[in-house]
1. Quick check on my filter: what residues within the range A:30-49 are farther than 21 Å from A:ALA119 by Cβ and either surrounded by 13 or more Cβ atoms within 10 Å (Cβ to Cβ) or within 13 Å of DNA strand C (Cβ to nearest atom) (or both)?
2. Can you give me the number of residues within the range A:39-73 that are in contact with a strand residue (DSSP E or B) (Cβ under 9 Å, 6 or more places away or on another chain), within 11 Å of DNA strand D (Cβ to nearest atom) and not in a helix (DSSP H, G or I)?
3. I'd like to check something: does the range A:75-94 contain any residue that is out of contact with any Phe, Trp or Tyr (no Cβ under 8 Å at 6 or more places or on another chain) and within 13 Å of DNA strand D (Cβ to nearest atom)?
4. What are the residues in the range B:75-121 that are over 12 Å from the mean Cα position of the chain (by Cα), more than 10 Å from every other protein chain (Cβ to nearest Cβ) and in a helix (DSSP H, G or I), if any?
5. Across the range B:122-146, what is the total count of residues that are at the interface with chain A (Cβ under 8 Å from one of its Cβ atoms), of a type in the set (S, T, N, Q) and under 24 Å from the mean Cα position of the chain (by Cα)?
6. Out of A:GLU3, A:GLU23, which single residue is surrounded by fewer than 14 Cβ atoms within 10 Å (Cβ to Cβ), facing chain B (nearest Cβ under 9 Å) and not aromatic (Phe, Trp, Tyr)?
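Here, each number is a calculation from the coordinates, and none is a lab measurement. The structure presented is a predicted model; accordingly, all values stated were derived computationally and were not measured. Note: ideal-geometry Cβ built from the backbone for every residue, glycine included; neighbour counts use all protein chains shown.
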Number of protein chains: 2
Amino acid sequence: MDEYYTLRGYKIKNEEILSSSMEDYIEMIYRISINSDEVRVNDLSEALNVQPPSTTKMIKRLSNGGYVYYEKYGLIKLTDKGNDIGDYLLKRHKTIYEFLKIIGIENDLLEQTEKLEHAINENTLNRIKGLTDFLNNCSEYGKYIT
Amino acid sequence: MDEYYTLRGYKIKNEEILSSSMEDYIEMIYRISINSDEVRVNDLSEALNVQPPSTTKMIKRLSNGGYVYYEKYGLIKLTDKGNDIGDYLLKRHKTIYEFLKIIGIENDLLEQTEKLEHAINENTLNRIKGLTDFLNNCSEYGKYIT
DNA sequence: TAAGAATGTTAGCTATGGCTAAAATTATCA
DNA sequence: TGATAATTTTAGCCATAGCTAACATTCTTA
């Protein structure tokens, strides 16, 4: 029998550890970390278009979960665990971005990527990666898309 | 400049009228309505794996928004507006389901559909529909996927 | 038709994840 | 070095969307 749930229902059902927001923060910390090893509350707030108190709160959660090191007024640094996740999240982001791009999304490319990425599990991600590769090398598709 | 937001940020930014949950409820009312014209709080609760008080609360919101007709202890009925949306949501669901199926998702097909559908806007949906059609008629893909 | 079962509602709790205003800390620079 | 500016935190608010427990209504059936 088909088993439907609300979106929230799926999250609870799967004991999903990371919420979409947590993912957004970790991915962004990881992104910023690439170019500088100083990640601050303010940087993150600006990058995510969020007010600093929201960031403070989230950093506490991430710190409790063992995703970041953080001490009051200090620098934010991903733990090994956090770093692995960040790496995965950024790759996921890029995979979806490339996929959406090749199927012709232009205007809302980033927004659609940001929304979709949280919904896609590892298996689906791999399928999408494979599909993107296929499309990139498919002459019929080349004709179809132009 | 790239403008990132948290997922919640995008929702607020776009003044998105329908939350994911609201969409889930409307889609399910629409679904149930196809086979019977008696949609009750309990049916909906069971179908969505949610407790009846949650449904009562949501039905009130949907009623206030003009998506359903409802009177205490009565039947739930979509308004014309609700019906149009339900129709769109069900089509969106099916489109994504077919897409995920053709790219080889099996185990989490329904769950991934349910998660993805809320993230996809009309333009992306059309692209995905087009892509699915293409894949269905693409001999190279037939070879690739087997 | 009256009792019990089924269904639905209300009240009030939870967590997430935003926000503002105000307080605290840290950094800068004259 | 001490005043001011910038950054960060705390406190407390909001809405969404679940939940349980208790109450109300409606339905069924003996």
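1. The answer is A:ILE32, A:SER33, A:GLU38, A:VAL39, A:ARG40, A:VAL41, A:ASN42, A:ASP43, A:LEU44, A:SER45, A:GLU46, A:ALA47.
2. The qualifying residues number 3.
3. yes
4. Within the range B:75-121, B:ASP80, B:LYS81, B:GLY82, B:ASN83, B:ASP84, B:GLU98, B:LYS101 qualify.
5. Final tally of qualifying residues: 2.
6. A:GLU3
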